[in-house]
Amino acid sequence: YIGSTHFLRNKSEQYLMNLYYLLRTPEARIDTDYITVYLNNYWNNIIESVKSGYFSFIAHLDVCKIFGYCYEKEWNDKKLELIETLAQYKQPVELNTSGWNKIQEQHPEEFMLKEICKKNIPIIISDDWMNEIKEKQPELRDEKRVRYKEEYDIPEYDIDIITNSKKMADIFEE
């Protein structure tokens, strides 16, 4: 199971809201303490998720930064508290590269990633990154062989000759 927090709650847990909607609330536009309460509970929720032992790994440790929250150094104590908890419970975390598409930075941010590494907390590289690598990888010979058979119905002997070298396959593709 993957642990990830995208919901915010107030201290009494009377109000829950998706992180995406925080700025849309009238209170958030005029009261920074209002935002601080919810963001503190965001970090506390992740810490409690780690302590629960329920999750295989924790993902999107700092997804709040997509919305411009928790960049300030005043949040470093909360981040370090989370990292201490991760180390104590030996909880793996996800290194997610999807942030590059949104804010040109991975999750977790560099500060957190360095601290996670210092504590030898296991890191899992997300499928996002793996999918990017796979998309950039050229078609392999065996894949070409199957495609040529399906698309062109070429005899196996000819497919072997064509796919025996990249240059020959490139010529055939032209």
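Read-outs: derived from the displayed coordinates by stated rules, not from any lab. In this text the structure is predicted, and so the values were computed from the model without any measurement. FYI the Cβ positions are ideal-geometry reconstructions off the backbone, even for glycines, and counts take in every protein chain you see.
Points worth noting:
- Linear extension gain, K90 paired with D158, 0.36 nm per residue minus alpha-carbon span: 19.1 nm
- Estimated FRET transfer efficiency when R0 is 35 angstrom, pair N18-I124 (beta carbons, to 0.05): 0.90
- Highest average packing first - 164-171, 109-116, 145-152, Cβ atoms within 10 Å: 109-116, 145-152, 164-171
- Candidate cross-link partners of K51 among the aspartates and glutamates, defined by an alpha-carbon separation under 15 Å and a same-chain spacing of 8 or more, comprise E81, E84.
- The protection proxy used here, the mean number of other Cβ atoms lying within 10 Å of each residue, ranks peptides 34-40, 135-141 as follows, highest first: 34-40, 135-141.
- Counting only lysines at least 8 places from K149 when in the same chain, those with an alpha carbon closer than 29 Å to its own are K134, K136, K166, K167.
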